[in-house]
1. Among the candidates Thr137, Thr130, which residue alone is at pLDDT 85 or above and either touching a Pro at 6+ places or on another chain (Cβ under 6 Å) or not aromatic (Phe, Trp, Tyr) (or both)?
2. Taking the criterion of being out of contact with any His (no Cβ under 8 Å at 6 or more places or on another chain), more than 16 Å from Val118 (Cβ to Cβ) and in a helix (DSSP H, G or I), would at least one residue in region 94-106 satisfy it?
3. From the list Phe15, Phe48, exactly one residue is surrounded by 12 or more Cβ atoms within 10 Å (Cβ to Cβ), among the aromatic types (Phe, Trp, Tyr) and in a helix (DSSP H, G or I). Which is it?
4. Take the residues in region 199-234 that are among the hydroxyl-bearing types (Ser, Thr, Tyr) and in contact (Cβ under 8 Å) with a residue 24 or more places away in the chain, then tell me which one is farthest from Lys162 (Cα to Cα).
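The values are calculated or read from the model by the stated rules, or taken from the named source; none is laboratory data. None of these values were measured; they are calculated from a predicted model. Positions of Cβ are generated from backbone atoms using ideal geometry, with glycine treated the same way; all protein chains shown enter the neighbour counts.
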Amino acid sequence: MTHVLLVEDDKNLCFILKSSLEQMIGGYEVEAAANGKEGLEKLAGGKFDVIVSDVEMPVMDGMTMVRHIREHHPNVAIIFITGLTTARDVINGYQSGADFYIKKPFLPEELDAHIQAVLKVKQSAVVPGTEEKLSYTLGKYTFVPSQNLLLYDEERQSLTPKEAKVLEMLCRKIGQIVSREEILTAIWQTADFYSSRSLDVFITKLRKYLAKDESVVLKVQKGVGVILEVLHDSSVLQNK
């Protein structure tokens, strides 16, 4: 049984989601709260596998609630459901500590799929230091591997699956050299001449995508590998 804390001030939507997860989809036990303050109180009195929360709510909004939660519960799964849809809204959502950001309207089946995906990633992190990161903060950028998405201010840059995989490998070892052979073997399953040239093209594209923030530097050390650095600031890799 998956225990869900649903924080939503829209009573009708709250009822629909709760009844859908518990009765139509099944396998869920849902406890509801009407705002962030009530959500924190519910969390203090029980144990939940995932928190599903709106952002715009009275008394205490969702982002403020999530920041409080992350101070004491760094690993609990958190999903935002919201009508706020700009790139800046998404960036703020991830930076506040959410694992995933779902834009309204959506079907209960979609929420179920996102919950299962987020919990799978959380539960796969069994060895310290090997956890899957659901978002990375790189200077002024936010990179969301699960959506192949790079966010900068109000701009959204969609990446191809391979571009996202290359960037994610570099993010996992930020400040460290990642060998060409390691990248090629993991993503192309070969280190031949053609795949090596393809990697060069991908690095050039990623440099272009990251060019708006001069503190984010992607270097190629000939004959050695590739390194991603964030200068003048400690790079914050957020395990949200």
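1. Working: Thr130 fails: at pLDDT 85 or above.
Testing whether each residue is at pLDDT 85 or above and either touching a Pro at 6+ places or on another chain (Cβ under 6 Å) or not aromatic (Phe, Trp, Tyr) (or both) leaves just Thr137.
2. Yes, the conditions are met somewhere in region 94-106.
3. Working: Phe48 fails: in a helix (DSSP H, G or I).
Every option except Phe15 fails the conditions.
4. Going through region 199-234, the residues among the hydroxyl-bearing types (Ser, Thr, Tyr) turn out to be 204, 209, 215, 234.
Of the ones still in play, those that are also in contact (Cβ under 8 Å) with a residue 24 or more places away in the chain are 209, 215.
Working: Tyr209: 14, Ser215: 24 Å.
Applying the filter and picking the extreme gives Ser215.
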